[in-house]
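The next block holds one structure in the form of structure tokens; read it before the comments.
The values are calculated or read from the model by the stated rules, or taken from the named source; none is laboratory data. Computed from a predicted model, the values in this text were never measured in an experiment. Cβ atoms come from the backbone with ideal geometry, glycine included; neighbour counts cover every protein chain shown.
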Amino acid sequence: MENPIQLQIPISVSYAALEHVLQQQLIGMYIPQPEEGVPSNPYAQVLDVGVAGSSAGNYNLLVRVQLRILRTVLKRDKVDLYASVALAYDNATQQLYVQQFSMESATTSGFYNTALEVLVNKVAYNQILEKTRIDVSEKIADVLENVNAQLAQGMDLKGLKLKGTVATVTVQNIEPKPDGLSLNLQAQGNLEVIVQDLSGFLPSGTE
């Protein structure tokens with residue numbers, strides 16, 4: 001039978017780690033992003049990004065995006081936008097990505113908020129989605145290599161020795177937790193169990 005063993009492995013990704021990656025990818029970005037050879041007149045520039053957990057409806061992340069608005073009509077030094085984000089995972093590309101988001105502006109002007117939300121959702125939607133894809137394939141490959149290296153030599157667990165190979169890893173679900181996102185990994189492979197000590201299988205009190 002091919003890959004008869006399935007293991008469920010919960011892992012956590014801290015919000016600080018997600019925030020660091022998004023800051024690297026988004027801070028300094030212009031909206032819309034200038035194209036080579038085309039005169040540039042962007043609406044806004046990203047100044048900062050913050051990340052926290054969210055359990056609102058289908059969303060599992062709250063992202064604060066601080067912008068500098070560059071156009072005269074809406075021009076302001078700093079504006080905070082709050083995006084409720086639904087993260088998903090693409091097992092084929094091993095990327096964590098934004099499946100959908102709903103963004104709100106937090107200024108004191110209702111008209112300004114509406115205008116800014118229209119701007120971001122229509123002009124920057126695809127651009128932001130593209131920038132927020134996080135490739136975790138290298139990390140998963142490193143974990144897989146380390147686990148298989150241990151299994152090749154035999155992994156000792158309380159009287160048992162495990163030998164075999166983990167072939168594939170897929171993500172089953174993503175849930176927000178107080179300190180980070182919880183991802184449930186399913187590892188599939190072949191595993192041989194060698195019993196080295198039977199005392200653990202005896203009833204309690206048996207000598």
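What the table below lists for this structure:
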item	result
Cβ-Cβ under 7 Å pairs, at least 6 apart or on other chains, region 168-188 side closer than 11 Å to Asn60 by Cβ, far side outside any strand (DSSP E or B) and not hydroxyl-bearing (Ser, Thr, Tyr)	Ile174/Asn60; Glu175/Asn60; Pro176/Asn60; Leu181/Asn60
Answer from Ile27, Ile69, Ile9 - the residue that is farther than 14 Å from Thr132 by Cα and at pLDDT 80 or above	Ile69
Number of positions in region 27-60 that are outside any strand (DSSP E or B) and loosely packed, with under 15 Cβ neighbours inside 10 Å	15
Subset tally (residues that are at pLDDT 70 or above, of a type in the set (A, V, I, L, M, F, W, C) and either exposed (fewer than 15 other Cβ atoms within 10 Å of the Cβ) or outside the structural domain of Asp80 (by TED's automatic domain parsing) (or both)) for region 95-114	1
Cβ-Cβ under 9 Å pairs, at least 6 apart or on other chains, region 131-156 side outside the structural domain of Val85 (by TED's automatic domain parsing), far side at pLDDT below 80 and basic (Lys, Arg)	Gly154/Lys161; Met155/Lys161
Selection within region 151-161 - modelled with pLDDT of 80 or more and loosely packed, with under 13 Cβ neighbours inside 10 Å	Ala152, Gln153
